[in-house]
């Protein structure tokens, strides 16, 4: 019971982690005295303690007394806190300890993050290494946005309420001239070739920037926008990778600008498109769950304990979580740890209330039957 309470005390939510990272990024030092330590689940505490003791002994060789004292203070604080923990929690442990050498202020954070620690990592540096935690506080679902003109393009993403310009691409396509005869036709062919070359280049940039989000399961849709017919030509020409092409929203959006202003205009005008893309997974997952339930296929599981057991066995393909549950982030992390796709069911769906009341807002679609 005591160990369970300690794990609960060590665990931080996504929101708490964001606040911790914000604080850690304020810290810097003139020497390598700020300690960062990542311990993945399954790593024995005793092994980590042995490493820190060795580092403490080695630090005796640091020539500058002030630096030596600061490093040893950080190592001692880390060891003191680890000595109170018998076992690394399921998501691992993270420690940040260090001193502001100008003011003498000292901090030491020890916690278990909302997702699994991916690597064993130890370093003392002039700053805290928070890079392994950054993805844990980012919005999971993103929508890609591509603004297309004949010689200009903007590629961006929408993450939650945040818009981000990934890249702006430009080319050169001369305007139309009245030359007449064969010269005019030849000139038109040259222009069209330049436009096609630009579309190919824009598509290559979009593939490079958006495919990583797709491969991580985070890209939920793509909005294509622009001021004229170029956006339609771009989509119909299939300049995007076929996997991205399938995510392009049918409704193309008219916008007057490139850059961040264009992305903002595209999102405002395509509000329904964005919602449709983000809700599509939830609708499909709920329909699949109902279908298996009605046919008695044996490919669904519900009840908190049974769902979690099936997850830990690697049997769950899709985890359905009602948005009113308090443990959404914990369940999403658990699903991703065991190879399941977490789908949050919004209250606005017609049968969301039924799902919440009948199944406590939690169920799984299985890869195969439980024997």
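Yes or no, residue by residue, for (1) touching a residue at least 12 places away in the same chain (Cβ under 8 Å); (2) buried (at least 16 other Cβ atoms within 10 Å of the Cβ); (3) over 30 Å from residue 333 (Cα atoms):
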residue: 42; (1), (2), (3): yes, no, no
residue: 53; (1), (2), (3): yes, no, yes
residue: 61; (1), (2), (3): no, no, yes
residue: 76; (1), (2), (3): yes, no, yes
residue: 88; (1), (2), (3): yes, yes, no
Original post:
Do we have any residue at all in the range 107-120 that's over 30 Å from residue 335 (Cβ atoms) and part of a loop (DSSP other than H, G, I, E, B)?
Top reply: no
Subject >> Where residue 92 falls short, out of the listed (1) in contact with a helix residue (DSSP H, G or I) (Cβ under 9 Å, 6 or more places away or on another chain); (2) surrounded by 15 or more Cβ atoms within 10 Å (Cβ to Cβ); (3) farther than 16 Å from residue 18 by Cα >> reply: (1)
Subject >> Subset of the range 195-204 [surrounded by fewer than 17 Cβ atoms within 10 Å (Cβ to Cβ) and in contact (Cβ under 8 Å) with a residue 40 or more places away in the chain] >> reply: 196
Subject >> Residue match in the range 162-170 (condition: over 19 Å from residue 52 (Cα atoms) and more than 26 Å from the chain's Cα centre (by Cα)) >> reply: yes
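Each reported figure results from applying straightforward, stated rules to the coordinates on display, with no laboratory input. From a predicted model like this one, the values you see are computed outputs, not experimental measurements. Ideal geometry is used to build each Cβ from the backbone, glycine not excepted, and the neighbour counts take in all protein chains shown.
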